[in-house]
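The values are calculated or read from the model by the stated rules, or taken from the named source; none is laboratory data. Just so it is clear, the model here is predicted, and its values are computed rather than measured. For neighbour counting, all protein chains shown are included, and Cβ atoms are generated from backbone atoms with ideal geometry for every residue, glycine included.
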Amino acid sequence: MKNLEEYKGVFIFAQQVDNKLSSIAFELLGKARDLAEDLDCKEVTAVLLGSDVKGLADQLAEYGADRVIVVDDPALKTYMTEPYTHALASVINKYKPEIMLVGATAIGRDLGPRVSARVATGLTADCTQLDIGDFPLVAIPNQEQLHKQLLMTRPAFGGNTIATIACPYNRPQMATVRPGVMVKKDKIEGAKAKVEEYNPGFEKNNKWVEILEEVMSVNEVADIMDAKILVSGGRGVGSAENFKLLQELADELGGQVSCSRAVVDNGWMPKDMQVGQTGKTVRPKVYFAIGISGAIQHVAGMEESDLIIAINKNETAPIFDVADYGIVGDLNKIVPKLIDAIKAYKAAKAQF
């Protein structure tokens, strides 16, 4: 049985692809810093796996890493499940982190569960919130609470409810975290971290795969997580055809169109455009919620927007509770007038 007292510190998996750090690494470092402070822990550690990647350590330091553990080996040049699992599991077994965070990316969703199984601990997947707090332990006699557990919150039952999960009996406490949910800290130029190199050794076994070909493709649809202005539509838009109106508004504003889960379920928009707990978490400067009722699952994905403008014919719609500005009325009448007003403003401005 593990001695839980041996496990200390908050670690993150610093994902890199083609020797370029992914944004999720910086987001995880920001959250790791908050968790470390709540645990009275002095050090945040980033685990960097790859080939010829030591030069990336300074970037991790600038975003909050106090220490970077580098596993540098040709076997890690391109992501493959077995060598990466072996590398990260070996780091965990050697350094014994109390908390291990991994991004819920395509790589992280493959890597996280396999590592947790190999180090014999639990994993909460696709988390949208992480906190340090008390967790009731009814299985331990005369002990109602165990303090300072990692409380991992994620959508459950298809996004229809929210579950908070703890891992009190094993270490590390592991979670994969949805990209865009956590906020990276301000960059500290010139910051340095302690760099430790570690290599557990790599030997091919029957779990290794052979990469026959790499095909790099570019998604023609821009990522809504990068948009400064989002015009988002819900079931109230009425049809896929009516989204042309929202697209026109987005074009005039220099923004992008997004949507709620109901729109994706109806087949009006692709999954990549969905905002919410089962979609993407966004933080644009301006977010238009048009024909969106404001269910908690959707609000969780956009409530951190700088400015929220809601248009809905139902004056009691929950979306108005989080909106900075709300318009009650028919979107088919309001949106065209809004587009005309924007065009008029731009034409007037062009004259000066």
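When residue 347 is tested against (1) in a strand (DSSP E or B); (2) farther than 21 Å from residue 228 by Cα, exactly one condition is not met: (1).
You will find that of 239, 232, the residue that is in the same structural domain as residue 344 (by TED's automatic domain parsing), closer than 22 Å to residue 339 by Cα, of a type in the set (Ser, Thr, Tyr) and surrounded by fewer than 17 Cβ atoms within 10 Å (Cβ to Cβ) is 239 and no other.
A quick yes/no check of all residues on (1) under 19 Å from residue 176 (Cβ atoms); (2) more than 22 Å from the chain's Cα centre (by Cα):
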{"position": "6", "(1), (2)": "no, yes"}
{"position": "26", "(1), (2)": "yes, no"}
{"position": "30", "(1), (2)": "yes, no"}
{"position": "37", "(1), (2)": "no, no"}
{"position": "49", "(1), (2)": "yes, no"}
{"position": "58", "(1), (2)": "no, yes"}
{"position": "109", "(1), (2)": "yes, no"}
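Answer yes if at least one residue in region 301-324 is buried (at least 20 other Cβ atoms within 10 Å of the Cβ), within 18 Å of residue 225 (Cα to Cα) and in contact with a Ser or Thr (Cβ under 8 Å, 6 or more places away or on another chain), and no otherwise. Scanning region 301-324 turns up at least one residue that is buried (at least 20 other Cβ atoms within 10 Å of the Cβ), within 18 Å of residue 225 (Cα to Cα) and in contact with a Ser or Thr (Cβ under 8 Å, 6 or more places away or on another chain). None of 92, 99 is more than 16 Å from residue 184 (Cβ to Cβ), of a type in the set (A, V, I, L, M, F, W, C), surrounded by 24 or more Cβ atoms within 10 Å (Cβ to Cβ) and assigned by TED's automatic domain parsing to the domain that holds residue 122 except 99. The condition of being closer than 30 Å to residue 213 by Cβ and modelled with pLDDT of 95 or more holds for only one of 76, 48, 21, 101, that being 48.
Residue-wise test of (1) modelled with pLDDT of 95 or more; (2) β-branched (Val, Ile, Thr); (3) in a loop (DSSP other than H, G, I, E, B).
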{"residue": "107", "(1), (2), (3)": "no, yes, no"}
{"residue": "140", "(1), (2), (3)": "no, yes, yes"}
{"residue": "149", "(1), (2), (3)": "no, no, no"}
{"residue": "155", "(1), (2), (3)": "no, no, no"}
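Could you tell me whether any residue of region 50-57 is touching a residue at least 60 places away in the same chain (Cβ under 8 Å), out of contact with any Phe, Trp or Tyr (no Cβ under 9 Å at 6 or more places or on another chain) and not in a loop (DSSP other than H, G, I, E, B)? Scanning region 50-57, I find at least one residue that is touching a residue at least 60 places away in the same chain (Cβ under 8 Å), out of contact with any Phe, Trp or Tyr (no Cβ under 9 Å at 6 or more places or on another chain) and not in a loop (DSSP other than H, G, I, E, B), so the answer is yes. Taking residues in region 192-215 that are on the phi > 0 side of the Ramachandran plot, and partners anywhere that are at pLDDT 80 or above and in a loop (DSSP other than H, G, I, E, B), the pairs with Cβ atoms closer than 9 Å and at least 6 places apart or on different chains are 201/73. Taking residue 51 as the residue in question, decide whether it is surrounded by fewer than 19 Cβ atoms within 10 Å (Cβ to Cβ), under 17 Å from residue 111 (Cα atoms) and assigned by TED's automatic domain parsing to the domain that holds residue 149. Criteria not met by residue 51.
Whenever a residue of region 315-328 is assigned by TED's automatic domain parsing to the domain that holds residue 287 and farther than 17 Å from residue 296 by Cα, its partners that are of a type outside the set (A, V, I, L, M, F, W, C) and surrounded by 19 or more Cβ atoms within 10 Å (Cβ to Cβ), lying with C-beta atoms within less than 7 angstrom and at least six residues away or across chains, give the pairs 328/312. For region 334-350, how many residues meet the condition of being closer than 20 Å to residue 235 by Cβ and either surrounded by fewer than 11 Cβ atoms within 10 Å (Cβ to Cβ) or touching a helix residue (DSSP H, G or I) at 6+ places or on another chain (Cβ under 6 Å) (or both)? The qualifying residues number 1. Take residue 85 and decide whether it is β-branched (Val, Ile, Thr) and within 18 Å of residue 177 (Cβ to Cβ). So residue 85 does not fit the description; no.
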